[in-house]
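Here's the structure we're looking at; comments come further down.
The values are calculated or read from the model by the stated rules, or taken from the named source; none is laboratory data. Treat the numbers as computed from the prediction; the structure is a model and nothing was measured. Cβ atoms come from the backbone with ideal geometry, glycine included; neighbour counts cover every protein chain shown. The protein model used for the area step is the full one, side chains on, heavy atoms only, and it has no ligands, DNA or RNA in it. Shrake-Rupley method; radii C 1.70, N 1.55, O 1.52, S 1.80 Å.
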Amino acid sequence: MLGVESEIGTYAGSSYGTTDVMQCLDANNPAVYCMGKISPVNGVAYDANEGLLMGMPSSGYAAIRNIFQNSAPQPSLYTTRLSICFGILWLGYKTGCAGGVINTGITNYNGGGNPNYLSDVLDRVTNPGNYYNS
């Protein structure tokens, strides 16, 4: 997933795509608001209860709230570690909400932006030599 997500690039054309490698922190992604339990901006919607049954704190995660200023996440505060940690956590919530079915969790992680997302991820897993050279 990291290979597929990091090529998408948050804020295309800038360095933030390399910082938010799991693409879960940008202002257009419901994941960042849900994990921070912060009211979304720009019409982004999320289920405020998502993740709670899987152990997400009802107040959200302080590490996510710390990247917010003026009600929106600030790319200058992103770190690669934060993106990876919360990307994995978000995948866990999506998979848990899908009854533990990892392929459904992967598909739901994408949120429908790429209809071939699961195929793209699975192709990288089964054919890494097509993408990564040593």
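May I ask you to list the residues in segment 69-97 that are part of a strand (DSSP E or B) and under 16 Å from the mean Cα position of the chain (by Cα)?
Residues of segment 69-97 that are part of a strand (DSSP E or B), as a first pass: 69, 72-73.
Correct list: ALA72, PRO73.
Of the residues in segment 62-82, how many are closer than 17 Å to MET22 by Cβ and either open to solvent by less than 30 Å² (accessible area, probe 1.4 Å) or touching a Lys or Arg at 6+ places or on another chain (Cβ under 8 Å) (or both)?
Result for segment 62-82: 6.
Matching residues to (1) modelled with pLDDT under 80; (2) within 18 Å of ASN110 (Cα to Cα); (3) in contact with a strand residue (DSSP E or B) (Cβ under 6 Å, 6 or more places away or on another chain):
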| site | (1), (2), (3) |
| --- | --- |
| GLU5 | no, yes, no |
| THR10 | yes, yes, no |
| GLY17 | yes, yes, no |
| PRO30 | no, yes, no |
| SER39 | no, no, no |
| VAL44 | no, yes, no |
| SER58 | no, no, no |
| ALA62 | no, no, no |
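For ASN110, which of the numbered conditions (1) surrounded by fewer than 14 Cβ atoms within 10 Å (Cβ to Cβ); (2) within 21 Å of VAL121 (Cβ to Cβ) fails to hold?
With (1) surrounded by fewer than 14 Cβ atoms within 10 Å (Cβ to Cβ); (2) within 21 Å of VAL121 (Cβ to Cβ) applied to ASN110, the lone miss is (1).
Being assigned to a helix (DSSP H, G or I) and small (Gly, Ala, Ser) is the filter here, so list the residues in segment 98-117 that pass it.
Hit for segment 98-117 is GLY105, nothing else.
List, please: which pairs have Cβ atoms under 6 Å, are six or more places apart or on different chains, and start with a residue in segment 38-64 that is closer than 16 Å to ASN28 by Cα and end with one that is assigned to a helix (DSSP H, G or I)?
As it stands, the answer is PRO40/TYR33; VAL44/PRO30; TYR46/PRO30; TYR46/TYR33; TYR46/CYS34; ILE64/MET35; ILE64/GLY36, since those pairs meet every condition given.
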